[in-house]
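The values are calculated or read from the model by the stated rules, or taken from the named source; none is laboratory data. What you are looking at is a predicted structure, and each value in this text was computed from that prediction instead of being measured. Cβ sites come from the backbone with ideal geometry, for glycine too, and all protein chains shown count toward neighbours.
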Amino acid sequence: MEGAERGHVQQFLSVPTEAETCGPVVHDTEGMVFVAVQHPGEDGSFAEQHSFFPDYVPAGATPPKGAWRGPRPSVIQVWRG
């Protein structure tokens with residue numbers, strides 16, 4: 001990388017609690033990054049959930065009982081528009 005932005009670091013991605021990422025694979029010509037999200041909420045249980053991924057839960061809110069579908073590993077694509 002060259003130019004004024006060289007060395008500039010900025011967060012562009014967050015993953016669910018207790019998850020890890022694998023990758024990233026950067027595709028420079030398309031401005032895309034591919035990242036694998038692994039083990040989101042893996043150590044939780046139905047009674048004590050550690051993650052509500054992929055369901056959005058506002059801060060401080062608790063979803064109704066039975067609404068949790070369980071965390072799933074995913075490969076995501078992030079691009080700058």
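Among the residues of segment 46-62, those identified as at pLDDT below 70 and exposed (fewer than 15 other Cβ atoms within 10 Å of the Cβ) are Phe46, Pro54, Asp55, Tyr56, Val57, Pro58, Ala59. Scanning segment 66-80 for residues that are assigned to a loop (DSSP other than H, G, I, E, B) and modelled with pLDDT of 70 or more, we see that the one that is nearest to Val26 (Cα to Cα) is Arg80.
Of the residues making up segment 20-38, those that are modelled with pLDDT under 85 and either assigned to a loop (DSSP other than H, G, I, E, B) or of a type in the set (Phe, Trp, Tyr) (or both) number 4.
Listed by first and then second residue, the pairs linking a residue in segment 5-17 that is modelled with pLDDT of 85 or more to a residue that is of a type in the set (Ser, Thr, Tyr), with Cβ atoms under 9 Å apart and 6 or more places separating them unless they lie on different chains, are Leu13/Thr21.
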